[in-house]
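Step one of this worksheet: look at the structure below.
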Amino acid sequence: EALVWDGEARNGARYDPVADLWTPTSRVGAPPARWLHVAVWTGEAMLVWGCDAVGSGGIYHPGHDEWTPTTLDDAPIPRCGATAVWTDKFMIVWGGRSGNDYLNGGGAYRPDDNLWIKVSEENAPAPRDGHTAVWTGDSMIVWGGRDLTQYFNTGGRYDFSNDKWAP
């Protein structure tokens, strides 16, 4: 199946390609309306986070068609236009924009115990949104994006296990 979530309308659906069938997802307990949020698939659930006034998120469990909230404790500041990757245990959220402020920090969320951990900003790429990020199996690579004055042709590599950035 494929999952889609329209944060602004708070509507989602599951698509079964074998049956060619769309099924609406539950909205009960879903996060508040948002757009330019991030989402990752954990292998068991979809995590949705960001781009709302308080930095909230939700975990959609398709097996039970239900949502549970992510904690706000130690969550990164609310942001839009960030990127997120899934490490097999954590969703790492980085960059984005809060109002007119571009960001070069973030956090790592572990759904198993509903816990946020701060991501280092030391040697991180310049603040930006509209960038892309991928997970290599041991690092997150961030590239491109923009701020108010420029488009970036730069990036960085974040070693999650050591909480360190490199060009």
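The values are calculated or read from the model by the stated rules, or taken from the named source; none is laboratory data. Note that the structure is a prediction, hence the values are computed from the model and not measured. Please note: Cβ atoms are built from the backbone with ideal geometry, for glycine as well, and neighbour counts cover all protein chains shown. We work out accessible area using only protein heavy atoms, side chains counted, and drop any ligands, DNA or RNA first. Shrake-Rupley method; radii C 1.70, N 1.55, O 1.52, S 1.80 Å.
Please build a GNM for the chain, connecting alpha carbons under 10 Å apart, and tell me which residue among 61, 131, 37 fluctuates the most. Of the options given, 61 has the highest mean-square fluctuation. Considered as an equivalent ellipsoid built on the Cα gyration tensor, segment 73-167 has semi-axes of 20, 15, 10 Å, the largest given first. Legend: calculated FRET efficiency, residue 61 to residue 146, from the Cβ-Cβ distance at R0 = 30 Å, rounded to 0.05, equals 0.30.
For the chain, calculate the relative contact order in percent as a whole number, restricting contacts to Cα pairs under 8 Å that are 6 or more residues apart. Relative contact order comes out at 13 percent. With distances taken between every two different alpha-carbon atoms, segment 60-117 has a Kirkwood hydrodynamic radius of 12.4 Å.
Accessible surface area normalised per residue over segment 28-167 is 50 Å², counting heavy atoms of protein chains with a 1.4 Å rolling probe. In this label model, residue 117 and residue 88 are separated by 1.5 nm, measuring between points 7 Å along each Cα→Cβ vector.
Taking the accessible area of the chain, probe 1.4 Å, and keeping the other protein chains in place, the carbon and sulfur fraction comes to 51%.
Alpha-carbon geometry of segment 33-93: the Rg and the Dmax are 11.1, 31 Å, given in that order.
How much net charge surrounds residue 77 when only other residues with a Cβ under 14 Å from its Cβ are counted (Lys, Arg +1; Asp, Glu -1)? Taking every other residue near residue 77 into account, the sum is -3. Derived from the Cα gyration tensor, the three semi-axes of the equivalent ellipsoid of the chain are 27, 17, 16 Å, largest first. Gain on full extension, evaluated as 0.36 nm per residue between residue 154 and residue 10 minus their Cα-Cα distance, stands at 48.4 nm. Taking the centroid of alpha carbons for each part, segment 100-161 and segment 38-99 are 14 Å apart. Using heavy atoms of the protein chains and a probe of 1.4 Å, the accessible area assigned to residue 121 is about 90 Å². Here the Karplus relation 6.51 cos²θ - 1.76 cosθ + 1.60, evaluated at θ = phi - 60°, turns the backbone of segment 85-100 into coupling constants of 10, 10, 9, 4, 9, 10, 9, 9, 10, 9, x, x, 9, 10, x, 9 Hz, with x for every Gly and Pro. About the centre of its Cα atoms, the chain shows a dipole size close to 440 debye [charges on the beta carbon of Lys, Arg (+1) and Asp, Glu (-1) only; nearest 20 debye]. Residues 72, 47, 3, 103, ordered by accessible area of protein heavy atoms at a 1.4 angstrom probe radius and largest first, appear as 72, 3, 103, 47.
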